[in-house]
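Okay, structure first, notes after.
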Amino acid sequence: MVYDMKLWPDSFEAIQAGTKTVEMRLNDEKRKKIQIGDILQFMNTLTQEVICCVVLDKRVFPSFKELYEVYDKISIGYKESEEAKPEDMYAYYPKEDIETYGALAIQVCSLSLLTPKLLVDSGICPTCFDRKYGNCLYGDITDKLIYQDEKIVCFFAGNPRTTGHTIISSVVHYKDMLTAPKDLVIDIYSFAHRLMQGIQKIFQCESVYLCTMCDGPMNHFHIQLIPRYKDEMRGSRNFVKERGTYVLDKEKLSLLQAYAIEENL
Ligand SMILES: [Zn+2]
């Protein structure tokens, strides 16, 4: 979900800079709905500028007094020279409302400062998050996309270990092959089998290696196809070849796209 919120300029700037990481609100009916992984669109009340932040955590307290005891003052928006007092919140919310609803601490991070690790630490799959919110984390993959249907997404790696390094991933989240349903695994490996032949033909490599690890709580099931060229040594070191930068080769991309569709599942 995406929620709109307004912020005073000083709070807005502190969140934008990444010094203020916790937004405080009344835990009323509207705010109760906010979940970890949601997006908050903060608008600067002075300039109308908007920043998008992801919710990394949320905690509810009986009042702002308890909240202030948990978080350091910089993280909730105070400056070093300022004294942090829970009573300051009475300027925003009547005391009776605070007693009725309690206080909500929302840990946020601006999308411009967001890293995959921050999402993983919050129990959010970076791949699913990236796809849900317009490739905001890993960037647009239009110029890498080989194939997509309701089960499979296949694209060239953005940081390839060699030219033609290809990723095949499930659309639905499974953390690894162990937890993915058998039918999906069969579909992905059948697709990989065919695509390997396409890669070998189009990139003129000697072999295509396949690996899948996905070793971690917030990984997203994917397999990797890594070409090995004639001048390269055989062996497992091909799985850890130094990563480079993807360079678009329109001709090879469209040839592989056609190959993926031609013998569709
Ligand atoms: Zn996922």
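Here, each number is a calculation from the coordinates, and none is a lab measurement. Quantities reported herein were computed from a predicted structural model and do not represent experimental measurements. Note: ideal-geometry Cβ built from the backbone for every residue, glycine included; neighbour counts use all protein chains shown.
Can you tell me the 0 to 90 degree angle between the C-alpha axis of helix 182-203 and the longest principal axis of the chain, rounded to 10? So the helix axis and the longest Cα principal axis differ by about 60 degrees.
Going by C-beta contacts inside 10 Å, put Thr212, Thr47, Thr19, Thr166 in order with the fewest on the left. List each step's numbers first, then the result.
Numbers: Thr212 18, Thr47 10, Thr19 13, Thr166 27.
Ordered by Cβ neighbours within 10 Å, fewest first: Thr47, Thr19, Thr212, Thr166.
Paramagnetic label reach from Lys182 (point 7 Å along Cα→Cβ; backbone nitrogen cut-off under 20 Å): within segment 216-232, no residues.
With 26 Å as the limit, the listed pairs Lys58/Lys151; Lys6/Lys85; Lys32/Lys85; Lys32/Lys151 have Lys58/Lys151; Lys32/Lys151 beyond it between alpha carbons.
Taking every DSSP beta bridge that has both ends in segment 54-195, the antiparallel portion is near 100%. For segment 178-214 and segment 75-107, what is the centre-to-centre distance using only Cα atoms, to the nearest Å? So the two Cα centres are separated by 54 Å. Spin-label pair Tyr138-Cys211: with each label point 7 Å from Cα along the Cα-Cβ axis, the two points sit 1.7 nm from one another. Computed over the chain, the per-residue total of -39500 (n - 2.57) for DSSP H runs of n ≥ 4 gives a 222 nm mean residue ellipticity of -8000 deg cm²/dmol, rounded to 500. Can you work out the PRE-style zone for Glu232? Point 7 Å along Cα to Cβ, and I want the residues of segment 173-210 with backbone N under 19 Å. Inside the label zone: 192-210.
Arranged by the count of other C-beta atoms within 10 angstrom, fewest first, what order do Leu195, Leu255 take? Present the calculation step by step, with values, prior to reporting the outcome.
Numbers: Leu195 21, Leu255 15.
Fewest to most other Cβ atoms nearby, the residues stand as Leu255, Leu195.
For segment 180-265, GluC sites (Glu not before Pro) meeting the loop criterion (DSSP other than H, G, I, E, B) and having at most 16 other Cβ atoms within 10 Å: Glu206, Glu232, Glu242, Glu263. Segment Phe239..Glu83, full-extension length gain: 50.8 nm, with 0.36 nm per residue of separation and the alpha-carbon distance subtracted.
Distance from the alpha carbon centroid of segment 1-69 to that of segment 217-232 works out to 39 angstrom.
On a 0 to 90 degree scale, rounded to 10, what angle separates helix 250-262 from the longest Cα axis of the chain? Orientation of helix 250-262: about 80 degrees from the principal axis. At 7 Å along the Cα-to-beta-carbon direction for both Gln204 and Asp121, put a label point, then send me their distance in nm to one decimal. Roughly 4.7 nm, to one decimal.
Remark: the Ser75-Glu29 segment gains 14.1 nm on full extension, using 0.36 nm per residue and subtracting the alpha carbon distance.
Need one word for segment 2-121: rounded, prolate or oblate. Basis is the Cα gyration tensor (sqrt eigenvalues a ≥ b ≥ c); a/c below 1.5 gives rounded, then a/b vs b/c decides. Display every interim value, and only then the final one.
Working: a/c = 1.43, a/b = 1.28, b/c = 1.12.
Note, shape of segment 2-121 comes out rounded.
Going by how many other beta carbons lie within 10 Å of each one, how would you line up Arg194, Arg131, Arg234, fewest first? Kindly include the intermediate steps, with their values, before the conclusion.
Details: Arg194 16, Arg131 19, Arg234 10.
Fewest-to-most Cβ neighbours within 10 Å comes out as Arg234, Arg194, Arg131.
Of the GluC sites (Glu not before Pro) found in segment 16-104, the ones in coil according to DSSP and having at most 10 other Cβ atoms within 10 Å of their Cβ are Glu80, Glu83.
Given R0 = 45 Å, the distance between the Cβ atoms of Gln41 and Arg194 translates into a calculated FRET efficiency of 0.60. Looking at segment 9-108, the chymotrypsin sites (Phe, Trp or Tyr not before Pro) that sit in a DSSP loop and have at most 14 other Cβ atoms within 10 Å of their own Cβ are Tyr92.
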